[in-house]
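Contents: one structure, followed by commentary.
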Amino acid sequence: MPATDWRTVSAFPNSVPLAQWQSAMRNTRLIRGGRILDARTHRAEARDMLIIGERIADIAPPGLTVNDETEIINADGMLLIPGLVNAHTHGHGSLAKGMGDRWTLELLLNANPWLNDGQTLEDKHLAAKLNAAEMVLKGATAAYDLFFEFPQVTREGIDAIARGYQSVGLRAVVAPMMADRTFYQAIPGLIDALPTQQADRARSFKLNEYQSSIEVCRDLLANWPYDRSQVRPALAPTVPLHCSDPFITACGDLAEEFDVGLHMHLAESKIQAVSAMQRYGKTLTAHLADLNFLGPRFTAAHFVWPDADDISRMADAGCSVAHNPGSNLRLGSGIAPVRAMRERGLCVGIGTDGSSCSDNQNMFEAMRIGAFASRVVSPDPETWISTEDVIDMATRGSAAVLGFEKEIGQLAPGYLADVVFLDLTNINYVPLNDPTHQLVLNEDSSAVHSVMIGGKMVLRDRKFTTFDYASLIREAQDAVERLRHGAHEMRQFSEAMESAVGRFCIGLARAPY
């Protein structure tokens, strides 16, 4: 096969400066002989993939001719898939794995203060780095992280978090998770239902006025120092009930001013749905619509309890949904109506949620649960979410949620070279009958061999190339021991509150909706 004149490759638009073009041409790689998944056709044919700089330049049958300076990466025996894209995670949760068992969403929120109490800037950097490392090991190359700083977002904290993702090489959207009402203030009637001493303590908790959070975020967005193709900012007012209307409106205005995303937990639990009717006299989605908050930059996390009108409001406004099936089941929140969302035209991505509420950052597990959960909703198999649909949501759908829809989520010329190499000798693929089905129904991340992000191998033969993983393990264990000791008093308070909070919320959950 004759050599190709790579000056004509469409991966690089005419607007690319000459110096950048020449630099990219010196940085070429050829992934030779890997089997590239076509999820829709359920096939995986052997192909060569040429990468120039950060982008895929060509995909062709085996035998592509390249020059002597091109690095050859042998992918024989590998299944190549687009890097999975995690539409919703919480980096702060990476240090809180295994901290709770029979927690509802509300009991998790009750525990949040001690789960995140006392984190230093180095702890926040470490948490983000650990979160990124787990995702890479399990086949994800990009994520939308709603990172929580207690008691308030800080410029220094977000910088530490962004550096954590950058140090691993994972592509990330970092959105500070913010509120101006505490959990106890957010649920109507909760504080008054608590025993007197606990009610007094709950009333004593205060979050800063929302203007201070907006001021910090304005500074962040105006002076963002990172390459936005690698780490970009967004805003995450955490839950409508936890945020005053002026705060929600201010976040929407700020996001529009700086052209960044908005991400909010919406209608996640029945307690939230019932509380919305008590506080607003309408659904949470209807309330956000009345605030002119819905729009193409907005992503709703979970969206378990919408009605048909809510789904239509979201679709008509061009919003997206981050579906977190594992977390929804783990916390007993319910099963989101994903089929109805997709049929109405909503963009749906898939996320893991945080490791404090969904235990891991395994997108393969999230895909499998997402497929299975849809089967509980209806006895009609035609309404179930198929394996190819799940893969589409975890790649192209989630990429759109992150705002990278034209950059990642596909292995195609012009797209960034975010590639996961799966070992076809792994037991998950022996025998290889249907690569699409087996990716969703069999894969558990154990076949992940190597991971490339933006043309750079960040994981090679399950070993990181960008940082010392052994040091990360030691640092994480040391941090957890120290944080556990420092959070002892806050943990005692939260655990003392748990019974009363649980009983009140069970009562709300039994209310008709």
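Just to verify a number: what accessible area does Leu107 come out at with the full protein assembly present, 1.4 Å probe, Å² rounded to tens?
20 Å²
When the solvent-accessible surface of protein heavy atoms is calculated with a 1.4 angstrom probe, in what order do Ser446, Ser471 fall, highest first?
Final ranking, largest accessible area leading: Ser446, Ser471.
Could you point to the residue in Gly139, Ser356, Gln119 farthest towards the positive end of the chain's charge dipole, with +1 and -1 charges on the Cβ of Lys/Arg and Asp/Glu respectively?
Positive-end residue among those listed: Ser356.
Between Gln211 and Lys282, with labels modelled 7 Å along Cα→Cβ, what's the label distance in nm to one decimal, could you check?
Modelled inter-label distance: 2.8 nm.
Any chance you could give the angle, 0 to 90 degrees and rounded to 10, that helix 210-222 forms with the longest Cα principal axis of the chain?
10 degrees
As I understand it, the value is the acute angle between the Cα axis of helix 469-486 and the longest principal axis of the Cα atoms of the chain; what does it come to in degrees, rounded to 10?
Approximately 0 degrees, to the nearest 10.
Taking the Cα centre of the chain as origin and charging only Cβ (+1 Lys, Arg; -1 Asp, Glu), how large is the dipole, in debye to the nearest 20?
In debye, rounded to 20, the chain gives about 320.
Ignoring everything except DSSP H segments at least 4 long, calculate the 222 nm mean residue ellipticity for the chain; use -39,500 (n - 2.57) per segment, divide by total residues, nearest 500.
So the calculated ellipticity at 222 nm is -12000 deg cm²/dmol.
Rounded if a/c is under 1.5, else prolate if a/b beats b/c, else oblate: with a ≥ b ≥ c from the C-alpha gyration tensor eigenvalues square-rooted, which is region 240-355?
It comes out rounded by the Cα gyration axes.
Under 14 Å from the Cβ of Leu207, count the other residues' Cβ atoms, weight Lys and Arg +1, Asp and Glu -1, and hand me the total.
Summing Lys and Arg as +1 and Asp and Glu as -1 gives 0.
Provide the solvent-accessible area of Lys206, counting protein heavy atoms only and rolling a 1.4 Å probe, rounded to the nearest 10 Å².
Number for this one is 140 Å².
Anything over 31 Å Cα to Cα? Flag those among Lys138/Lys206; Lys129/Lys270; Lys282/Lys406; Lys129/Lys406, in the order listed.
Lys138/Lys206; Lys129/Lys270; Lys282/Lys406
Could you do me a favour and compute the accessible area per residue for the chain, 1.4 Å probe, result in Å²?
Solvent-accessible surface per residue comes out at 40 Å².
For Tyr469, tell me the accessible area in Å² from a 1.4 Å probe, rounded to the nearest 10.
Surface open to solvent at Tyr469 totals about 90 Å².
Just the C-alpha atoms of region 293-414: what Rg/Rh do they give, with Rh taken as the Kirkwood radius?
Radius of gyration relative to Kirkwood radius: 0.95.
Given that compact globular proteins tend to follow 2.2 N^0.38 Å, what is the ratio of the alpha-carbon Rg of region 75-171 to that value?
Its radius of gyration relative to the 2.2 N^0.38 Å reference: 1.20.
With a 1.4 Å probe and every protein chain kept in, tell me what percent of the accessible surface of region 308-409 is carbon plus sulfur.
49 percent
Using a 1.4 angstrom probe on the protein heavy atoms only, line up Arg503, Arg510 by accessible area, largest first.
Arg510, Arg503
Quickly work out the Gln152-to-Asp316 label distance, labels modelled 7 Å from Cα along the C-beta direction, and quote it in nm with one decimal.
Inter-label distance under the simple model: 3.8 nm.
Please give the net charge around Trp384, taking every other residue with its beta carbon less than 15 angstrom from that of Trp384, where Lys and Arg add +1 and Asp and Glu add -1.
Taking every Cβ under 15 Å from that of Trp384, the sum is -2.
Whenever you get a sec, line up Leu241, Leu424 from highest to lowest accessible area (probe 1.4 Å, protein heavy atoms).
Heavy-atom accessible area, descending, gives Leu424, Leu241.
When Lys and Arg each count +1 and Asp and Glu each count -1, what net charge do the other residues less than 12 Å away from Cys357, Cβ to Cβ, add up to?
Charge balance in the 12 Å sphere: -3.
The values are calculated or read from the model by the stated rules, or taken from the named source; none is laboratory data. Worth saying up front: this structure is predicted, and the values here are computed from it rather than measured. Counting neighbours? That spans all protein chains shown, and the Cβs are built from the backbone with ideal geometry, glycine included. The area values use the complete protein model at the heavy-atom level, side chains included, leaving out ligands, DNA and RNA. Shrake-Rupley method; radii C 1.70, N 1.55, O 1.52, S 1.80 Å.
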